[in-house]
Amino acid sequence: QLQLVESGGGLVQPGGSLRLSCAASGFTLDRWHIGWFRQAPGKEREGVSCITSGGRIDYGDSVKGRFTISRDNAKNTVYLQMNNLQPDDTAVYYCARSIIYSNWHCRTGTDFGSWGQGTQVTVSS
């Protein structure tokens, strides 16, 4: 059994915060590069943030300074802390894993796999 499960999404007002979780089962998460991606209806997939097995962290330009990715190896979970949320952040958020990594891989999701089911984030007043 190999699975990634996203949770923590919900409805929040502009300026609010959410913490998303990506929980791994069936494998040891810390040996993999993990990425957060998002997709809104009618829009292309967007890379949000990635963290490598060695601790390298990348963020998409639109979330720099607002989002923080982190890893808790004891809980086999990667988190995405999202602060100062804006309506443009509304999307389904997914996590996935990869072995090959570069900034381009994080931007596009190329070579990432084992995608979770996603968690909905809605930012609205």
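Filtered by the rule that a residue be over 16 Å from Leu4 (Cα atoms) and in contact (Cβ under 8 Å) with a residue 24 or more places away in the chain, the range 32-48 gives Gln39, Ala40, Lys43, Arg45, Glu46, Gly47, Val48. A count restricted to the range 75-111 and to residues that are open to solvent by 10 Å² or more (accessible area, probe 1.4 Å), closer than 14 Å to Thr52 by Cβ, in contact (Cβ under 8 Å) with a residue 60 or more places away in the chain and hydroxyl-bearing (Ser, Thr, Tyr) stands at 1. Against the test of being open to solvent by 50 Å² or more (accessible area, probe 1.4 Å) and either in a strand (DSSP E or B) or not hydroxyl-bearing (Ser, Thr, Tyr) (or both), the options Gly55, Gly42, Gly47 yield a single qualifying residue, Gly42.
Pro14 meets the conditions (1) under 25 Å from Ser53 (Cβ atoms); (2) in contact with a helix residue (DSSP H, G or I) (Cβ under 8 Å, 6 or more places away or on another chain) in every case but one. The failed one is (1). When the range 112-121 is filtered for residues that are exposed (fewer than 15 other Cβ atoms within 10 Å of the Cβ) and either of a type in the set (Val, Ile, Thr) or more than 23 Å from Asn83 (Cα to Cα) (or both), only Gly113 remains. Taking the criterion of being β-branched (Val, Ile, Thr) and open to solvent by less than 10 Å² (accessible area, probe 1.4 Å), the only residue of the range 28-39 that qualifies is Ile34.
The values are calculated or read from the model by the stated rules, or taken from the named source; none is laboratory data. Model, not experiment: these values are computed from the prediction. Neighbour counts are summed over all protein chains in view; Cβ atoms, including those assigned to glycine, are modelled from backbone coordinates with ideal geometry. SASA here: full protein model, heavy atoms, side chains in, ligands and nucleic acids out. Shrake-Rupley method; radii C 1.70, N 1.55, O 1.52, S 1.80 Å.
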